[in-house]
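Trainee: Sharing a structure, written as structure tokens. Questions coming.
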Amino acid sequence: MMDHQPTLFDDRRIYSLFELTGNIREVLQEAYPDFYWIKAEIAKLNFYPKSGHCYVDLVDKQERNIRAQMRATIWASAYQMISAKFRDQTRENLRDGMTVLFLASVSFHEVYGLSLNIVDIEPSFTLGEMAREKRDTIEALKKEGIFDLNRKKSLPPVPNKIAVISVESSKGYHDFMVTIRNNPYGYSFRCSLFPSVLQGEKAVETVIDQLMNIARQHAHFDVVTLIRGGGGEVGLSAYDTLKLAREVAVFPLPVITGIGHSTNETVVEMVAHTNLITPTAVASFLIGQFKTFEDRIDSLRDELFRESGQILQDSLTRMANLSHRFHSATLRLLQQPYSELVSSSEKMSIFVRYILEKQSHTLETYQKKIELLDPMNTLKRGYSITLLDDVPLTDASLAGSGSEIKTVLYKGTLDSKVI
């Protein structure tokens, strides 16, 4: 197949490297003259903005083992069109780890070796792969029995210690903080930011890192919010991965999501305790929890006043009736003979004392019930209230070693440190 005559040296046929590689190029051109549809995974996507060219490392895996790999090129003239079409249809950017179906020709160069020249990529194939991955993630979580785990966690009635996973410079985080700080009721929230990449190939690892960071200090927080804004539906495939969805499902605190889109709910949003569309909606939800609790306290206070007032009114009515009966009985007795009057007077005196003692006992009983409703009487009997960060402590496990607590007594308070 080679046209060049070999150099004879000790009866050996010797070819130059250029001759050999040139022959390989001719053979490949003959064997693969057309464009071919090929399926492969993008191991590494290298885009150079200055030239506009994109160089791709492709692999073919079977059970995580690489059984084939090759380099490919997408020239600038094709890359702009391919990437725009792909993003428009999949709502994702081309990235590492994606399985794609592409149209390419086989190319061999004497210096750069064997590669593929990609001229088109079929977005619908990748959409199918993404949908399959999402289904597999949901099935795996349900099989492990953790799909509903986070949604079953109890949300504190007053969630004011918030761990926020977001990007500090993002519009979504800004909107969240403005809504929280400027709430019309003057509620106080303590928000701690845990910065993270929220879309693209680094989103999964960075969000998980911050979740683990929060988990190590979860006793200091009530809820976790995962918020993102301004990105639309681009870059959401990270939230369908099994690795991230599993971390959210088993997280020890309720997770509230607001990643800024209204369709195609991701798996992370499915397993989160509460899913809301935007960061602003998340902030409004937390404020609403405060308002619901305040309204409940106001309702209980009004009920206490009504019940107390009714008890007092009933007692006054009974006393008025007793007074009227006493006056009527006295008039009747004055009309009787003196002997009967004396006898009746004695009986009436005994009866009146009995009635007064009975009604006095009833009034004392109601008064004691009212006094029992006063928290200060509870403290006076020797009980106390323990506060951690100005919040009543009901679970000793929440006060870790070194925590500072305050004990409220009937007279005064005590500041302590847990050892």
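The values are calculated or read from the model by the stated rules, or taken from the named source; none is laboratory data. Just so it is clear, the model here is predicted, and its values are computed rather than measured. Every residue, glycine as well, gets a Cβ built from its backbone with ideal geometry; the counts of neighbours run over all protein chains shown.
Trainee: Sort through VAL106, VAL111 and tell me the only one that's surrounded by 15 or more Cβ atoms within 10 Å (Cβ to Cβ), of a type in the set (A, V, I, L, M, F, W, C), more than 26 Å from GLN289 (Cα to Cα) and over 19 Å from the mean Cα position of the chain (by Cα). First the steps, then the outcome.
Mentor: Details: VAL111 fails: surrounded by 15 or more Cβ atoms within 10 Å (Cβ to Cβ).
Of VAL106, VAL111, the one residue that is surrounded by 15 or more Cβ atoms within 10 Å (Cβ to Cβ), of a type in the set (A, V, I, L, M, F, W, C), more than 26 Å from GLN289 (Cα to Cα) and over 19 Å from the mean Cα position of the chain (by Cα) is VAL106.
Trainee: Quick one: SER170 ticks every box in (1) buried (at least 17 other Cβ atoms within 10 Å of the Cβ); (2) touching a His at 6+ places or on another chain (Cβ under 8 Å) except a single one, so which number is it?
Mentor: (2)
Trainee: Of everything in the stretch 174-187 that's touching a residue at least 60 places away in the same chain (Cβ under 8 Å) and in a loop (DSSP other than H, G, I, E, B), which residue is surrounded by the fewest Cβ atoms within 10 Å (Cβ to Cβ)?
Mentor: Once the filter is applied, the top-ranked residue is TYR185.
Trainee: How many residues does the stretch 47-68 hold that are in a strand (DSSP E or B) and either exposed (fewer than 12 other Cβ atoms within 10 Å of the Cβ) or touching a residue at least 24 places away in the same chain (Cβ under 8 Å) (or both)?
Mentor: Filtering the stretch 47-68 for residues in a strand (DSSP E or B) gives 47, 54-62, 65-68.
From the residues that got through so far, the ones that are either exposed (fewer than 12 other Cβ atoms within 10 Å of the Cβ) or touching a residue at least 24 places away in the same chain (Cβ under 8 Å) (or both) too are 47, 54, 56, 58, 62, 65-68.
Counting residues in the stretch 47-68 that are in a strand (DSSP E or B) and either exposed (fewer than 12 other Cβ atoms within 10 Å of the Cβ) or touching a residue at least 24 places away in the same chain (Cβ under 8 Å) (or both) gives 9.
Trainee: Filter the stretch 112-132 for residues that are in contact (Cβ under 8 Å) with a residue 60 or more places away in the chain and part of a loop (DSSP other than H, G, I, E, B) and give the result.
Mentor: GLU122
Trainee: Quick one: in the stretch 84-94, which of the residues that are of a type outside the set (Asp, Glu) and surrounded by 15 or more Cβ atoms within 10 Å (Cβ to Cβ) is farthest from the chain's Cα centre (by Cα)? Give the steps one after another, and end with the answer.
Mentor: As a first pass, look at the stretch 84-94 and keep what is of a type outside the set (Asp, Glu): 84-87, 89-91, 93-94.
With surrounded by 15 or more Cβ atoms within 10 Å (Cβ to Cβ) added as a condition, the list becomes 86-87, 90-91, 93-94.
Values: PHE86: 30, ARG87: 27, THR90: 25, ARG91: 23, ASN93: 25, LEU94: 27 Å.
Only one residue fits best here, namely PHE86.
Trainee: All but one of (1) surrounded by 13 or more Cβ atoms within 10 Å (Cβ to Cβ); (2) not assigned by TED's automatic domain parsing to the domain that holds GLY97 hold for VAL27; which doesn't?
Mentor: (1)
Trainee: Would you mind stating whether VAL197 is within 20 Å of SER154 (Cα to Cα) and either in the same structural domain as ASN160 (by TED's automatic domain parsing) or free of Cβ contacts under 8 Å to residues at least 12 places away in the same chain (or both)?
Mentor: Details: within 20 Å of SER154 (Cα to Cα): no; either in the same structural domain as ASN160 (by TED's automatic domain parsing) or free of Cβ contacts under 8 Å to residues at least 12 places away in the same chain (or both): yes.
It is false that VAL197 is within 20 Å of SER154 (Cα to Cα) and either in the same structural domain as ASN160 (by TED's automatic domain parsing) or free of Cβ contacts under 8 Å to residues at least 12 places away in the same chain (or both).
Trainee: For the stretch 92-112, which residues satisfy the criterion of being modelled with pLDDT of 90 or more and among the hydrophobic types (A, V, I, L, M, F, W, C)?
Mentor: Once the filter is applied, which keeps residues that are modelled with pLDDT of 90 or more and among the hydrophobic types (A, V, I, L, M, F, W, C), the stretch 92-112 yields VAL100, LEU101, PHE102, LEU103, ALA104, VAL106, PHE108.
Trainee: How many residues are surrounded by fewer than 14 Cβ atoms within 10 Å (Cβ to Cβ) and closer than 18 Å to LEU94 by Cα when one looks only at the stretch 35-46?
Mentor: The initial filter retains those residues of the stretch 35-46 that are surrounded by fewer than 14 Cβ atoms within 10 Å (Cβ to Cβ), namely 36-37, 39, 44, 46.
Remaining after also requiring closer than 18 Å to LEU94 by Cα: 37, 39, 44, 46.
Qualifying residue count for the region: 4.
Trainee: Is it fair to say ARG216 is basic (Lys, Arg) and over 25 Å from LYS243 (Cα atoms)? Outline the logic, then answer.
Mentor: On the way: basic (Lys, Arg): yes; over 25 Å from LYS243 (Cα atoms): no.
The answer is no for ARG216.
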